[in-house]
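Notes follow the structure.
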Number of protein chains: 2
Amino acid sequence: MGERLVVIGADAAGMTAASQARRRDRDLEVVAFEMGDYASYAACGEPYYVAGFIDPLDRLIARTPEQFARAGVELHLRHEVTAIDLDRRVVEVRDHEGKMTSETGFDKLLISTGARAFVPPMPGRDLDGVHTLRTLGDAAALRGIADEGMGNAVIVGGGYIGLEVAEAFQVKGWNVTIVEGLPTILSRTLDPEISDQVAESVREMGIEVLTDAMVGGIEGTGHVTGVSIGDKTIPADVVVLSIGSRPVVELARDAGIPLGVTGAVAVDDHQMTGVDGVWSAGDCAEAAHRVTGNAMNLHLGTVANKTGRVAGINMTGGDMAFPGVLATAITRVHGLEIASTGLRTSDAEAAGVDAVDVTVKGGTAAHYMPDSEPLTIRVTAERGTARLLGAQIVGGRGAGKRIDVFATAIWDGMAAGDLEWVDLAYAPPFAPVWDLIAIAARKAAAKAKAPST
Amino acid sequence: MGERLVVIGADAAGMTAASQARRRDRDLEVVAFEMGDYASYAACGEPYYVAGFIDPLDRLIARTPEQFARAGVELHLRHEVTAIDLDRRVVEVRDHEGKMTSETGFDKLLISTGARAFVPPMPGRDLDGVHTLRTLGDAAALRGIADEGMGNAVIVGGGYIGLEVAEAFQVKGWNVTIVEGLPTILSRTLDPEISDQVAESVREMGIEVLTDAMVGGIEGTGHVTGVSIGDKTIPADVVVLSIGSRPVVELARDAGIPLGVTGAVAVDDHQMTGVDGVWSAGDCAEAAHRVTGNAMNLHLGTVANKTGRVAGINMTGGDMAFPGVLATAITRVHGLEIASTGLRTSDAEAAGVDAVDVTVKGGTAAHYMPDSEPLTIRVTAERGTARLLGAQIVGGRGAGKRIDVFATAIWDGMAAGDLEWVDLAYAPPFAPVWDLIAIAARKAAAKAKAPST
C-alpha cells in the first residue's frame, strides 16, 4: 500500500502538483478536495468569456474530474476541507452536497487553497449587481449581465483584471467607468509616467478612467444604482469590484502552519512549509523574488503552475528548487498592450538597491511601415553596475511580449550594456534596425554608469 | 587642421560609422563616396515598396546628403572609388556625372562597400524583365512592373528576399512561382522539418513553390517569356533573381587589404583590417559568430549598423569590441512569421559541437482564445551541458519575435533548463500559461542530458 497525498484546493497549483506527483510515483494515492464547483480552470480567461470572445464557458476548464480520475487523481468537487489536524495527520472534509463531514488521513499534504477576491467592508457591497470576478460562477454571472444589458458598468479598481473587465463590458456595448482610489491605475506594476499613458489611451477608447477616486459606498435598494465618490454618484447598473485578491490561509494558519511576512504560507524554495510533510504552492504561498530574494505573494497563473510542478516533484523524492519570480505580467485593452517585469526604481530602492531608469519611445516596426505601432519602454538598472532590474512596456500590437527579452536578461543577471548588443531579430514589419529594446538598454547603461550628481 | 576619414560606400555601415565618428570627433573631416544614386537607405524595406505598402520610394531613405552635410559629413553620390593607394594614402575617385577622376587623401579609411546581388552566368539573364532586388533603383523598376502587370512572376531563389518579393507580386495580383534549386527553401537558416512547413503554408497562400528545381536558363527574345527547368518551361513575364548576394571586395583586395576565409574583408573585433588605419564594416566585412567564434559574412542591416557603430567609435580613439553575431533573422509572408537564431544541429556539428534538437508545436495564445495562431519552435542545445545553441520558429502572428528570447538566452550562454523557468509573460491573448518557449526549452534540456545512445 502506497502513501496518500491530500491536495487541498484543486486549481492550477494543486492539480499540477497532483498530476506531477502521480506521474512520478504510480504507488502514490492522490486525493484532491475542491470546495468549488470546478477544478483546474483558466481564471485568466474569464474576462474574455465575459466579452464573448470564448464560448461556451467550459472551454476554460482544462481537465474534468473524469480526466483526472484516468490520470490516477481522485478529485472531489464541492468538498471543503474545514480543518487540518497535523498531529493525527488527517483533514476534516465537509461534503457540500450531502452536508456530511468526514476525515481523511494523509501522509503528505499540499496546501493549494489559492486566493479570493478582496471585498472591502463598503456599504452596499451585498446589493444585487455587485460582483467580483474570480470563479467560473462569477464569470457566468457577469456574462449574463453583460449580454442582457448595455447600461452603465462601473469597475472599481484599475488593475489588470479591472482593465480586462472594462474592455469586456465595452465590447458588449456598455458605458464603462474605471474607478481607482489611488492617483494612478496599475500602480503595483507601472510607474506613473507609464500608467498615465495607459490611462490616456484607455480614455481615448471611450472608457472613463477616474483616479484618486475613493469609493465611499455603493448605492441602491435591492439592486445597485450607483457608486458614490465623495459627494458625487456615478450611475451604475453593474459594479465589478476588482480591488485585488488575498491568499486563502485560514486553514493553514489555524493548523499552525507558519505564514510569512506577506501573510501567505511561508515556503522554502522546495515549496516545503515549516511543517514536515506539508507543502504549499500557488496563490496561497509565498514566492521569492529572483532579484531581491524577498518573499512575495503573487496571484499569477504562471507562478501557480510552476510552484505546483516544483511541489509535485519534491513531494515524490525529487530535488528541485523553484528559481523565483520576476512578477512578469502582461495584458491588453483592445489594441493596447501593457507589460512589466522585475523591479521599478521605487521597488529597487525599497529593497536597498540604488537604481536609475530611462524611458524611450519608438515603434514596433520600421518607421516607414504602415503597421508600425507606438512603443514605449522604460528600463530600470542598478546604478554603477548597470545590471538590469526591471522593465515596463506599453504600446500597440507587438509591444507587450518584448517584455520577455527583459525577463530573460534580468533572469540571467545581464547588464544593460550587454543587452544592447544582443542579436535581436530585425525585418521592417517587426522592428526598426535597432529594436527599441536595444536603444532602451543603451540609454539605461549610459545613465547607470554616469557619475552620480 | 584635423585628420580626414574617407568612407567608401555610403549605406548603413558607412554612414553609421561616419556619423558616429564625426559626433565623437568634431575636428575630423569626414568624406563619404557612394557610387550609387542614394545613401543610407533601407534596403530591407524594398519588398514592401514593391508590394505597395510604402509610398513614395524616398520614405526608404533615412537621411539625405543635405542632412549629412548638416551633421558634418561630406557625402558624394555617384562618386565611385576606383582604387586605393595605401602607400600614398589616397583614393582615386571617378565622378559618374562629370566623368572626372580625382584623388582624395585620407588619414583613416573605412571600407564599407557592401554587397551586390549574385547573378549566376545563366543564359538569358540580360533579357528585359529579368531583375534583382538590391538597390532603390531595382525597387523602383520592380514596383513599376508589379503595378502594370498581373502576369506570371517567377522568383528564382527561396531565401528571405525571395519570399518577400513573392508576397509583393502576389499582393499586386500576379501568379507567383518560387523556384529553388535545393531540396528545401530557406536552407541556409532552417532545418528541412521547419522549412517544409513554411513551403506548405506558402503554397496554401497560392504561391507555387518548386524545390529541387535548377534553372537551366531564362527564355525570351528581347523580353523574358519563361524560365526553363530541366525539359520544362515555366511562363514568366518577370523574373526576379534572389539567389543571394556577395560582398564587394575588389577594391580592398586589389589594394592588398587581406580577405578572410569567407571571401569578405577580414577584420578583428574592433573592425580593423590587416592594414593600419583601415577599418571595414557591414556586408563587405566578416563578423565573428558569438557561439563558435568562426568568421561569417552576413548581409543583414543589424550587423551593418552595429559594426558601423563599432568602427566609428574605434576610429576616433574608442575601444569597443564588436561582441559577435547570432545570424538572427526574421521575415513574414502574409500572416506567416519565420525566424531563426544561432546554430542548427548541422551548423553546430560542423563547428565541432555535439548537439541535439527538439521540435514542439503549440499556439501563440491560450488554446481557448480565438486568435491563437499556430506556433512551432525548434531548439538546438549542446549535448551534455544543454547550453542553448540555436532556435527556429514558424507560426502565425506573434510567433516570430519570440526568437529574441532565444537570441538573448544564447547570447548570455544560458542552458535550456534555465530558460524553462524564466518568468515569461502570460495572459490568454499572448501565450499559454507555459509559453511554448518554456516547453521547448524543457524538452531540449531533457534530450541534451539524456544518455547518448
Considering only C-alpha atoms, what is the centroid distance from region B:19-60 to region A:113-151, in Å? 57
Kirkwood radius from Cα pairs of the protein assembly as shown plugged into Stokes-Einstein at 37 °C, 0.692 mPa s, gives D in µm²/s equal to 109
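Loop only by DSSP, 11 or fewer other Cβ within 10 Å of the Cβ. Give me the chymotrypsin sites (Phe, Trp or Tyr not before Pro) in region A:311-415 that pass, ordered by residue number. Don't skip to the answer; put the middle values down first.
Details: sites: A:Tyr368, A:Phe406, A:Trp411; in loops: A:Tyr368.
The qualifying sites: there are none.
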I'd like to know which of B:Pro121, A:Gly301, B:Leu133 lies farthest towards the positive end of the charge dipole of the protein assembly as shown, counting +1 on Cβ of Lys and Arg and -1 on Cβ of Asp and Glu. A:Gly301
Find, among the trypsin sites (Lys or Arg not before Pro) in region B:80-151, those assigned to loop by DSSP (not H, G, I, E, B) with at most 11 other beta-carbon atoms within 10 angstrom. B:Arg88, B:Lys99
Percent of all Cα-Cα pairs per 10 Å bin for region B:329-448, counting from 0 up to the last occupied bin, reads 16, 48, 29, 7, 0
Please sort by residue number the chymotrypsin sites (Phe, Trp or Tyr not before Pro) in region A:65-134 whose DSSP state is loop and whose Cβ has at most 15 other Cβ atoms within 10 Å. A:Phe118
By the Cα gyration tensor axes a ≥ b ≥ c (a/c under 1.5 gives rounded; else a/b larger than b/c gives prolate, otherwise oblate), the shape of region A:154-233 is oblate
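Restricting to the protein assembly as shown, what percent of DSSP beta bridges are antiparallel, rounded to 5? List each step's numbers first, then the result.
Values: 116 of 184 bridges.
Of the beta bridges lying entirely in the protein assembly as shown, close to 65 percent run antiparallel.
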For B:Asp319, inter-copy label distances in nm, listed shortest first [label point 7 Å out on the Cα-Cβ vector]: 4.5
Across the identical copies, how the A:Glu103 labels are spaced - nm, sorted shortest first, 7 Å along Cα→Cβ: 10.5
Order B:211-224, B:228-241 from most to least packed using the mean count of other Cβ atoms within 10 Å. B:228-241, B:211-224
Scaled radius of gyration (Cα, divided by 2.2 N^0.38 Å) that region A:285-339 gives: 1.37
Zone of B:Arg253 (label point 7 Å along Cα→Cβ, backbone N under 18 Å): which residues in region B:103-143? B:111-121
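Going by a ≥ b ≥ c, the root eigenvalues of the Cα gyration tensor, does chain B fall in the rounded group (a/c under 1.5), the prolate group (a/b larger than b/c) or the oblate group? Let's see the in-between values first.
Values: a/c = 1.88, a/b = 1.23, b/c = 1.52.
Here chain B falls in the oblate category.
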Could you give the length gained on full extension between A:Ser346 and A:Asp371, defined as 0.36 nm per residue of separation minus the Cα-Cα distance, in nm? 5.5 nm
Hits in region A:189-211: amide N under 19 Å from the 7 Å Cα→Cβ extension of A:Met150, namely A:206-208
Inter-copy distances for B:Asp354, nm, shortest first, label points 7 Å along Cα→Cβ, are 4.8
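Treating the beta-carbon of each Lys and Arg as +1 and of each Asp and Glu as -1, no other charges, what is the dipole magnitude of region A:36-93 about its Cα centre, to the nearest 20 debye?
Details: 6 positive and 10 negative charges, 40 e Å.
Charge dipole, region A:36-93, about its Cα centre: 200 debye, nearest 20.
Listed here are the pairs A:Lys361/A:Lys401; A:Lys361/B:Lys401; B:Lys306/B:Lys361; which of them are more than 24 Å apart at the Cα? Walk me through the numbers on the way to the answer.
Working: A:Lys361/A:Lys401 16 Å; A:Lys361/B:Lys401 19 Å; B:Lys306/B:Lys361 34 Å.
Distance filter (> 24 Å) returns B:Lys306/B:Lys361.
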Using helices alone, I'd like the mean residue ellipticity at 222 nm for chain A: each DSSP H run of four-plus residues gives -39500 (n - 2.57), total over residue count, nearest 500. -7500 deg cm²/dmol
Treat every Asp and Glu Cβ in chain B as -1 and every Lys and Arg Cβ as +1, leave all other atoms uncharged, and give the resulting dipole magnitude about the Cα centre to the nearest 20 debye. 840
Take the alpha carbon atoms of region B:420-451, find their center, do the same for region A:364-438, and report the distance between the two centers in whole angstrom. 20
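Please work out the Kirkwood hydrodynamic radius for region B:140-190, using every pair of different C-alpha atoms, and report it in angstroms with one decimal place.
Numbers: mean 1/r = 0.0886 Å⁻¹.
In region B:140-190 this quantity evaluates to 11.3 Å.
Only the coordinates and a few stated rules stand behind these numbers; no lab work does. If you're wondering where the values come from, they're calculated on a predicted model, not measured in any experiment. Don't worry about glycine lacking a Cβ; one is built from the backbone with ideal geometry, like all the others, and counts go over all protein chains shown.
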